[in-house]
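Accompanying notes for the structure given below.
The values are calculated or read from the model by the stated rules, or taken from the named source; none is laboratory data. Please read all numbers here as calculations on a predicted model, not as lab measurements. Neighbour counts are summed over all protein chains in view; Cβ atoms, including those assigned to glycine, are modelled from backbone coordinates with ideal geometry.
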Amino acid sequence: MSDNTKNIEEKKDKFLAEENKKRIVTGPDGVQFEVDPLQDYFCDKRPVAKDPKNKVIENFLNWARAESLWVLGFGTGCGNIEIPPLLTPRFDAFRYGIQMRPTPRQSSVLIISGYLAVKTLKRAIRSYEQMQNPKYVLALGSCTINGGMYYDSYNTINRLDYYLPVDVYVAGCMPRPEALLSGFNKLKERIKAGRAEGANDYANKFDWYKANQKKIIKDWNMPDYNW
Amino acid sequence: MKKNNKIWQGDRSKYPAFDEYGNPIIDLKSHKFTKLWHGPNHPGVTGNMSLELTLSGDEVVEAKTHVGYLHRGFEKLMERRLYIQCFPTCIRMCVPEADSNEYVLAASIEELGGIEIPEAASWLRTLVLEMARLQILLRTVPGQAATLSLGMGAQWGMYLRDLILDRFEELTGGRIYHMFIIPGGVRGLLPAGFKKRMEENLVEIEEFIDKIEDLIFTNAIFKKRTIGIGYIDPSWVDKYGIVGPNARAAGYNRDVRKDYPYLKYNELDFEPYVGKDSDVFTRSQVRKHELIQTVDLIRQILAQVPEKGDIRAKTPNVLHWELPKGETYQRSESSRGEYGLYVVSDGSKYPRRVNLRGPSYTHAVALLEKLLINANIADVHSIMVSLQTCPPEIER
Amino acid sequence: MNDIIVKLLWTLLGLFIVLNWGLLMGATMRKIVARVAHRYGIPFYQPWLDLIKLYSNRSSISHGVMFYLGPVFRLGGGLGIFLFLPLIYGSEHFSNFSWAGDLILILYFQFFGMLGMALGASDGGHPNSVIGITRGLGQFTTVEVPLTLAVISIALQYNTLSISEIVAAQQGGFQNWTLVTNPLATAAAMLSLLGLFREAPFNLVKAPNEVPIGPPTEYHSAFLGILRTNGALLHVVEAALFMNLFFGGATHWVEFIVKTFLVYFWSVFVGVVSPRFRIEQSVTWFLKIPLAIGILAVILYI
Amino acid sequence: MKEIIQDIKKRFNCTDEIEQSKTQTYITVKKELAIALITHLRDIEGFTHLVLLTAVDWIENNQFQLTYMLNNPTKKIDIGVRVFINRETATMDSAHHLWEQMATYQRELKEMFGIDFPGSPRLNEPFILEGWDNIPPYRRDFDTLKYAQETFFPREGRETNDPAEFMKKKMYPDEEK
């Protein structure tokens, strides 16, 4: 083990909760064995890219996916204040097959609504990785594009596409609900054209994304890929 | 602990056990307790914050609030911005009611710089602040029922809120962030026909209030779920720094608009509604009466606001505007309670320190952690919404 | 041998109709709720798209064998009710596999799916699913009590445990329905129907802002697809059961559709204007008025 | 208001009285007497409402200024108690027993300024930041722009102007300074 990796290991251990640390456990029959909760309790298998096979079938499925966008109800920033109007009489996004789901397992769209603090980025990554394969990221606001007015803040990221594969950016601070709806339309076009393969990109460029994420999340105390 | 007279609600006075300081003894390895995280990605918390709950059965025995998911470091960022540049930054501190942010910063700068704002600007500021209160109350009053899965009122309310946001667009050009109040005055006068359109909306809102009275406040199940839940002892009000509607529901007649009249509030005729039972139902009643009162206040303001006149006091060139050395604290009454800004100037072009005092700072951390103890897991969301917590003003 | 295959094919056709009607009915109800909220609501074809999407997700994660079996058990419960429930009275083809004691069997199948779900949900490991399913089982137990009493009452009234015979006894016009001849049993059953369909005020199992979203928190992709398929199926067959027991059954598909729609609409109608009970409130609610009505209905026919 | 100030000036040796407005006064008190003064104000003079506690970094004097803003809800007056502490040692007596929310303020100050309040509950638990390994961010010597540029990935093509220069160029192009 080189010094560098050892340092990283030690640093990682510092932030781990007591029950997640590696330890030697004695079984009831007296046999001693090592327990590594990060390996044993969580599945840290790398994600696998699952490329579409049959083009005709995939086109049909993509159409169904595009018309049934289940959005994770995770308001990561101030753009989230325009999500409730989207679901109410004036804008009524339900008409376009957009529905909110409370758990990441069942959702297919992650909306990063505005600036992303480092603490939230960690949760957003976890939520994203728990979503199932055709999954899309919609980023709202200038702050996710280039930092916006928080370009000099020590706690908000500058560009989201270094950490998560973004499908559509909606500019503005904050984007109006109309802009958000048109962002959803763009996303639908992308999905129907078969270009929204963010999940596969994430799996293919996994190491690059992880390196970027670990650069700013200094207390990385979870498995590399947590689903 | 008082004895239960209902046999199906077991006597919990002995379990969990308490140590000598009155804290429950929680041993997670005993498998008697469950640790449950509410949030940040959970529909049952307000905004982006999280609650770490330790449950014993259905009952919460320990709650911890975790914030910081929305931290942008505003107070640091404003130290490297000119006073005029602080405005676009400042209004994003608390999103749902952005105009309070504008007002407190403008008032602080005027106080330190010794600027008097013109009559018309003062009226327009009052109008904008009340409209902001109206739009947030249209969301939160029926929102209390939405926490108990009665979402109809919230849907209607959000539509009316959109109408008020339309009026905001007409007046200021912005939907959520207006930047209408600037140091020395406001940016514009009322557009033609504004009063008439506003009046139409107000009539619609009054009909809506009648509707939610029937739908929500006389609903037996709503009463059953809210009366007696989330009780704030009136003696906690000073101990925990409770302000605004939450303090008024506990019987304290505290309203910054009355106690420290700013702008034109001493020329308006209103009396804050004071509840006495201090539970979730009373707090929602207080907010409903505040909604009725706000509609009335906007009518009063519209009757008196000048159609034309000077709206901007003379200020120095904003690029070289140096405030004299000093410090001040300016407060306003937001829909959540006392909302203030503490500004320290060191005589340069940049503020030395800006600190926001948001009501949620105490409501969502110290008070919520206390209130959730012994609450049912089903009531966590409704207690939280009844305090009207807003995470961005905790961490800024 | 040939007969049974033909019968199976007819049953599959019935399943196809019921399933699609269930999806359409679900969409219609959501549209009605949306209209109350002054919205347009989802398109009518949305449930089908959701199902296609769920079944075609490229990845899915398992938490063990019971996690797989949970949705299967749930679907087994729904299919079980369907198989033994005569859909159309007097039709040779759509009476499925109904037999002399099917009423008892159906009551058993109602609980079967719930238990399967409990096993699967707790294997998902998410505390919210466990809380959700504990509430679900607790509430369902008390929902069953007035329903069972109502069923006992009409079994005593008609002296049979066969649904076909109960339907047969109600033919001949409105005045012969159980609704008229045994209003107490109908009232008890219709109140417990509110808990059966889990709309507000009894939707605490899936309460999104308490336990998002209850038992299926960890279910996704095809697992959730199965659960939603079963949900559509279950809504129709439960409504059809009530239709058969209390509202004179159906002699053709149009009547079937109208009656099941109205039975389901009753629970949506109550749900739109009600907040949600807490678990102990809903349990005690079922053990008060509906239970009393149920007992009265049984006493009258002993 | 005047009498209260005169009284506490005598009792607690307060200095630097500034009357900001009719209802708002700021006074400075020594670190050792601060908690006693605040307790006196709360219990005797009726300043029962804690408005805020915050710190100001006077890096040039090597001092932190702590401001305890107290409010008297019956007389409707505010008093700002200023305490200057050494920036190097940065320790202050904890006042968490006076108000329940004080512990939260002290947690925040510990995290954002590095001011220690021995004895305050949950003081060392992270409040806002997570895994922070730099100097506390609200201190004046922490350069947020430099940190952001080094840590995050600025998008190429974004023109980052000094806001003041940019506004000057756009709005007052003729002006010289």
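Report every pair of residues separated by at least 6 positions or lying on different chains whose Cβ atoms are under 8 Å apart, first residue within region B:215-243 and within 9 Å of another protein chain (Cβ to nearest Cβ) and assigned to a helix (DSSP H, G or I), second buried (at least 21 other Cβ atoms within 10 Å of the Cβ) and basic (Lys, Arg). The qualifying pairs are B:Ile221/C:Arg276; B:Arg225/C:Arg276; B:Arg225/C:Arg278.
Is there a residue being away from every other protein chain (no Cβ under 14 Å), among the polar types (S, T, N, Q) and either on the phi > 0 side of the Ramachandran plot or in contact (Cβ under 8 Å) with a residue 24 or more places away in the chain (or both) anywhere in region C:243-250? Scanning region C:243-250 turns up at least one residue that is away from every other protein chain (no Cβ under 14 Å), among the polar types (S, T, N, Q) and either on the phi > 0 side of the Ramachandran plot or in contact (Cβ under 8 Å) with a residue 24 or more places away in the chain (or both).
For B:Ala145, the test of being surrounded by 15 or more Cβ atoms within 10 Å (Cβ to Cβ), more than 24 Å from B:Met93 (Cα to Cα) and not β-branched (Val, Ile, Thr) is passed. Looking at C:Glu199, C:Glu218, just one residue is charged (D, E, K, R), within 14 Å of chain A (Cβ to nearest Cβ) and crowded, with 22+ Cβ neighbours inside 10 Å, and that residue is C:Glu218. The set of residues in region B:247-285 that are within 17 Å of D:Ile77 (Cα to Cα) and modelled with pLDDT of 90 or more is empty. Here the condition is being of a type in the set (D, E, K, R) and either touching a Cys at 6+ places or on another chain (Cβ under 8 Å) or not assigned by TED's automatic domain parsing to the domain that holds A:Phe91 (or both); of A:Asp224, A:Asp201, it holds for A:Asp224 alone.
One residue stands out among those in region B:362-378 that are of a type outside the set (A, V, I, L, M, F, W, C) and more than 19 Å from B:Leu148 (Cβ to Cβ): the one that is surrounded by the fewest Cβ atoms within 10 Å (Cβ to Cβ), which is B:Asn374.
Looking at region A:132-170, which of the residues that are touching a Ser or Thr at 6+ places or on another chain (Cβ under 6 Å) and among the hydrophobic types (A, V, I, L, M, F, W, C) is farthest from D:Pro137 (Cα to Cα)? This residue is A:Leu140. Being buried (at least 18 other Cβ atoms within 10 Å of the Cβ), more than 23 Å from A:Asn155 (Cβ to Cβ) and modelled with pLDDT of 85 or more holds for only one residue in D:Ile115, D:Ile79, and it is D:Ile79.
The set of residues in region B:301-314 that are part of a loop (DSSP other than H, G, I, E, B) and buried (at least 18 other Cβ atoms within 10 Å of the Cβ) comprises B:Val305, B:Ile311. The condition (being among the aliphatic types (A, V, I, L, M), crowded, with 17+ Cβ neighbours inside 10 Å and farther than 17 Å from C:Phe265 by Cα) is satisfied by just one residue among C:Ile17, C:Ile42, C:Ile5: C:Ile42. Screening C:Arg58, C:Arg30 for residues that are buried (at least 16 other Cβ atoms within 10 Å of the Cβ), of a type outside the set (S, T, N, Q), within 11 Å of chain A (Cβ to nearest Cβ) and not in a helix (DSSP H, G or I) leaves exactly one candidate, C:Arg58.
I'd like the residue in region B:127-180 that is among the aliphatic types (A, V, I, L, M), assigned to a helix (DSSP H, G or I) and over 20 Å from B:His289 (Cβ atoms) and, out of all such residues, is farthest from the other protein chains (Cβ to nearest Cβ). Among those residues, the one meeting the criterion is B:Leu127. For region A:84-115, the candidate set comprises residues that are touching a residue at least 60 places away in the same chain (Cβ under 8 Å) and under 23 Å from C:Pro47 (Cβ atoms); within that set, the residue that is farthest from the other protein chains (Cβ to nearest Cβ) is A:Val109. The residues of region A:159-179 that are in contact with a Phe, Trp or Tyr (Cβ under 7 Å, 6 or more places away or on another chain) and either within 23 Å of C:Asn57 (Cα to Cα) or modelled with pLDDT of 85 or more (or both), listed by number, are A:Tyr162, A:Tyr163, A:Leu164, A:Pro165, A:Asp167, A:Pro177. Counting only helices (runs of 4 or more DSSP H) that sit completely within region B:335-396, those holding 3 or more residues that are more than 10 Å from chain D (Cβ to nearest Cβ) and under 17 Å from B:Glu52 (Cβ atoms) correspond to B:380-386. Among the residues of region A:182-199, those that are part of a helix (DSSP H, G or I) and either crowded, with 19+ Cβ neighbours inside 10 Å or among the charged types (D, E, K, R) (or both) comprise A:Gly183, A:Phe184, A:Lys186, A:Leu187, A:Lys188, A:Glu189, A:Arg190, A:Ile191, A:Lys192, A:Gly198, A:Ala199.
Among residues belonging to region D:150-164 that are at the interface with another protein chain (Cβ under 8 Å from one of its Cβ atoms) and assigned to a helix (DSSP H, G or I), point out the one that is modelled with the lowest pLDDT. Per the stated criteria, the residue is D:Pro163.
If the condition is being surrounded by fewer than 20 Cβ atoms within 10 Å (Cβ to Cβ), within 14 Å of chain C (Cβ to nearest Cβ) and either under 22 Å from the mean Cα position of the chain (by Cα) or in a loop (DSSP other than H, G, I, E, B) (or both), then region B:44-91 contributes B:Gly57, B:Asp58.
Within region A:59-83, restricting attention to residues that are at the interface with chain B (Cβ under 7 Å from one of its Cβ atoms) and surrounded by fewer than 23 Cβ atoms within 10 Å (Cβ to Cβ), which residue is nearest to B:Tyr177 (Cα to Cα)? Out of the qualifying residues, it is A:Ile81. Look at region B:131-149: where a residue is at positive phi, no partner that is at pLDDT 90 or above and not in a helix (DSSP H, G or I) sits 6+ places away or on another chain with Cβ atoms under 6 Å. Filtered by the rule that a residue be over 24 Å from B:Ile205 (Cα atoms) and assigned to a loop (DSSP other than H, G, I, E, B), region B:265-291 gives B:Lys276, B:Asp277, B:Ser278, B:Asp279.
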